[in-house]
Amino acid sequence: MSGDPRGRHQPPGNGAPDGAGQGAGAGGDTPLLDQAFDGDSLYALRAAVAAHAARAGLPQDRADDLVVAAHELAANSVLHGPGHGRLRLWQHERALLCEVSDDGVPSAAGDGPGGGRGYNDHARWHSERGHGLWLVRQVADQASLHSGPGGTIARVSFTLPPPR
């Protein structure tokens with residue numbers, strides 16, 4: 001599956017050519033959080049990201065930024081992708097990394113992007129659309145987005161403070 005971006009952009013550690021790898025590879029970093037999500041589980045996903053960010057030592061204001069970024073990326077998978085995805089969070093050196101991926105295959109349920117299920121009810125979200133990725137780039141220290149026929153992978157990085 002050389003056309004699948006997920007094979008190239010995984011948590012660091014297995015010796016892949018670009019320094020990225022799968023989970024807990026050779027000298028690798030085990031994810032702190034590895035959670036599937038859909039439109040009904042975004043609240044639980046935000047709570048899990050917040051808890052793990054605090055536990056990893058990210059200051060509260062930066063943990064809030066990470067939660068916002070993670071939510072925006074996951075919501076994009078729900079609204080514009082298949083309606084579901086996976087979030088992985090791990091620590092690598094002095095950074096907390098968050099990756100949101102989806103398989104890019106639209107859901108059969110519902111009508112419209114993300115499979116419907118009421119999540120696309122724009123009247124409930126009194127906001128102008130189209131600023132999510134811009135916001136992610138503003139709050140993250142680094143951000144990348146890779147899309148292809150096999151899906152989308154978005155990754156953000158937040159620098160951790162020096163240990164006390």
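Worth pointing out:
- Cross-chain or 6+ apart pairs with Cβ under 6 Å, region 82-96 first and of a type outside the set (Phe, Trp, Tyr) and surrounded by fewer than 20 Cβ atoms within 10 Å (Cβ to Cβ), then part of a strand (DSSP E or B) and at pLDDT below 95: HIS92/PRO12
- In region 102-125, the count of residues that are touching a helix residue (DSSP H, G or I) at 6+ places or on another chain (Cβ under 8 Å) and at pLDDT 95 or above is one or more.
- Residue that is nearest to HIS84 (Cα to Cα) [pool: residues in region 140-159 that are of a type in the set (A, V, I, L, M, F, W, C) and surrounded by fewer than 18 Cβ atoms within 10 Å (Cβ to Cβ)]: LEU145
- Taking the criterion of being closer than 22 Å to SER41 by Cα and either at pLDDT 95 or above or in contact with a Cys (Cβ under 9 Å, 6 or more places away or on another chain) (or both), the only residue of region 136-151 that qualifies is VAL136.
- Residue list for region 131-154, restricted to those being β-branched (Val, Ile, Thr) and either more than 13 Å from the chain's Cα centre (by Cα) or part of a loop (DSSP other than H, G, I, E, B) (or both): VAL139
The values are calculated or read from the model by the stated rules, or taken from the named source; none is laboratory data. Everything numeric here is computed off the predicted structure, so don't read it as measured data. All Cβ positions, even for glycine, are placed from backbone atoms using ideal geometry, and neighbour counts span all protein chains on display.
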